[in-house]
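The values are calculated or read from the model by the stated rules, or taken from the named source; none is laboratory data. Please read these numbers as outputs of a predicted model, since none were measured by experiment. Backbone-built Cβ (ideal geometry, glycine too); neighbour counts: all protein chains shown.
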Amino acid sequence: MIIKARALVVKEYIVGESDKYVTLFTKEYGKIQALAPKAKKVDKGFASATQLFVYGDFILTSFKDTYRMVNAEIIEMFHGIRNDLDRLSYASYMMEFVQYVTEPMLPQPELLRLVLFSLQALARDGVNYRLIRRIFELRALGELGFRPQLIACTECGELLKNGEEENYYFSSEAGGLICSSCKSYYKDFITISYSTRFTMQYILGSPMKQLYHFTVTHVIQKQLDAVCDNYVPYYVDRSFKTLEFIEGLDVL
Ligand SMILES: [Zn+2]
């Protein structure tokens, strides 16, 4: 069978002398692993189209569960992230994350859109990579069905007060905010400000086009870091290799 898929290359690895395996996050079929014959050889055409971060149209033949690439046309290569170590590290983390949370035959077109917007944002000049990482993580979890409850207490259901002077309590275990009376039930809660809560609501609810067009204060960034460092591992049960490097960069 021949299939056509629009996809992002989220992993590439060489097999043997000249072939490559790529993992594609396709719009139509979810995650697909495909053999790209002779892809290591520059003169055979697949070399550039099978690189990590390439978004394109791919034609594959399938037999049982194995796919073989027969044609590839590049739509976008994200040049801006390839020659900068910071950008490359954050983008590699996103690819590892996506590779882990996607499944064969389970299309997740909104998650794919999010990754594409996130790569575009990373490629722009003068952006805050740490903020991009947190926006990506929070929104990705939202798209995966783990959207935290930020309006009412997840324990008793009481609507939370709105006001710039208010503090809020976020618990990964509870799956969102808890009110001051219920917070004693949860040991893992993190105190966040009204602005951080607002930022999280914006990240989860705004159109993707507008996701990467705002900045935050140092305090909000710190609180977003704390929330995501707790929330992401709680729902995505895996330690990412690419994160070790990024966390080294964040300290500098
Ligand atoms: Zn409550």
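Look at Thr196 and say whether it is more than 14 Å from the ligand (Cβ to nearest atom) and in a strand (DSSP E or B). Spell out the reasoning first.
Working: more than 14 Å from the ligand (Cβ to nearest atom): yes; in a strand (DSSP E or B): no.
Taking the combined requirement at face value, the residue does not satisfy it.
Checking each residue in the stretch 162-172 for being away from the ligand (no atom under 12 Å from the Cβ) and either of a type outside the set (A, V, I, L, M, F, W, C) or touching a Ser or Thr at 6+ places or on another chain (Cβ under 6 Å) (or both) picks out Asn162, Gly163, Glu164, Glu165, Glu166, Asn167, Ser172.
Within the stretch 186-196, can you find the residues that are at pLDDT 95 or above, surrounded by 13 or more Cβ atoms within 10 Å (Cβ to Cβ) and within 19 Å of Tyr234 (Cα to Cα)?
Of the stretch 186-196, the ones at pLDDT 95 or above are 190-196.
From what is left, the residues that are surrounded by 13 or more Cβ atoms within 10 Å (Cβ to Cβ) are 190, 192-196.
Answer for the stretch 186-196, where residues must be at pLDDT 95 or above, surrounded by 13 or more Cβ atoms within 10 Å (Cβ to Cβ) and within 19 Å of Tyr234 (Cα to Cα): Ile190, Ile192.
It is to be established whether one or more residues within the stretch 57-68 are loosely packed, with under 15 Cβ neighbours inside 10 Å and in a loop (DSSP other than H, G, I, E, B). Yes: one or more hits. Give me the residue from the stretch 102-161 that is surrounded by fewer than 17 Cβ atoms within 10 Å (Cβ to Cβ) and among the β-branched types (Val, Ile, Thr) and, out of that set, nearest to the ligand (Cβ to nearest atom). Only one residue tops the list, namely Ile151. Scanning the stretch 212-225 turns up one or more residues that are β-branched (Val, Ile, Thr) and either within 16 Å of the ligand (Cβ to nearest atom) or under 23 Å from Leu88 (Cα atoms) (or both). One residue stands out in the stretch 15-36 among those that are of a type outside the set (Val, Ile, Thr) and at pLDDT below 85: the one that is farthest from the chain's Cα centre (by Cα), namely Glu17. Residues being assigned to a helix (DSSP H, G or I) and under 30 Å from His79 (Cβ atoms) are entirely absent from the stretch 163-186. Entry remark, the stretch 99-121: residues being basic (Lys, Arg) and at pLDDT below 95 number 0 in total.
Within the stretch 126-185, being touching a strand residue (DSSP E or B) at 6+ places or on another chain (Cβ under 7 Å) and under 21 Å from Leu112 (Cα atoms) holds for one residue alone: Pro148. Looking only at the stretch 46-55, decide whether some residue is part of a strand (DSSP E or B), surrounded by 16 or more Cβ atoms within 10 Å (Cβ to Cβ), in contact with a Ser or Thr (Cβ under 8 Å, 6 or more places away or on another chain) and at pLDDT 90 or above. The answer is no; no qualifying residue exists.
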